[in-house]
Amino acid sequence: MLRFIWAYLVYTWGGLHRLFGNKNHLRREHEAAVRCFSRAYEIDPTFRRARLERGVLLWRELGRAGEALADFDALLAEDPRYGPALFCRALAAQEDGRYQAALDDLDTYLALPDPEAYQDEAARAAVLLRELLAE
């Protein structure tokens, strides 16, 4: 229990760095957030939200899609039906030009019994990817 509390505190500190980075367009704050999310995951390897957030931050704010995709891949290796990682990996793959992989992930995400909060966005992105791949 103490391990999770410590990991959660470090994760929260990372969230503050991310917020400061987003508000002030400071790359160094985003890098600090990555370090905090990494540390939180090291403290408690079951804290997959920390690894997910690190992947999102690497992909969206820092433009490091390869590292982000590695995080999403690792999360999905542990749990192939982890919806947030499927959805994020699809968007990162799409941005990286890997359209078929993105569509495959979106289809898997949409087939989940409860695809979380992004079902409409995933369905729209899947339609657009199908049109793009059909051309």
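Observations
- Principal-axis tilt of helix 65-78 within the chain, Cα atoms, nearest 10 degrees: 90 degrees
- 3J(HN,Hα) from dihedral phi, segment 121-131, Karplus parametrisation 6.51/-1.76/1.60, rounded to Hz, x for glycine, proline: 5, 5, 5, 5, 5, 5, 4, 5, 5, 4, 5
- Note, ³J(HN,Hα) from phi for segment 26-40, Karplus 6.51, -1.76, 1.60, rounded to Hz, x at Gly and Pro: 10, 4, 4, 6, 5, 5, 5, 5, 4, 4, 5, 5, 4, 5, 4
- Lys, Arg +1 and Asp, Glu -1 on Cβ, resulting dipole of segment 80-135 about Cα centre, debye, nearest 20: 120 debye
- Using a Förster distance of 22 Å, the FRET efficiency for ARG35-ASP96 (Cβ separation, nearest 0.05): 0.40
- Placed amide H near ARG64: partners under 5 Å, 5+ positions off or other chain: TRP59
- Percentage relative contact order, the chain, counting C-alpha pairs under 8 Å, at least six apart: 15 percent
All of the numbers you see were taken from the coordinates with simple rules; none came from a lab. As the structure is a computational prediction, the values presented were derived from the model and not from experiment. Methodologically, a virtual Cβ is constructed for each residue, glycine included, from the backbone with ideal geometry; neighbour enumeration extends over all protein chains shown.
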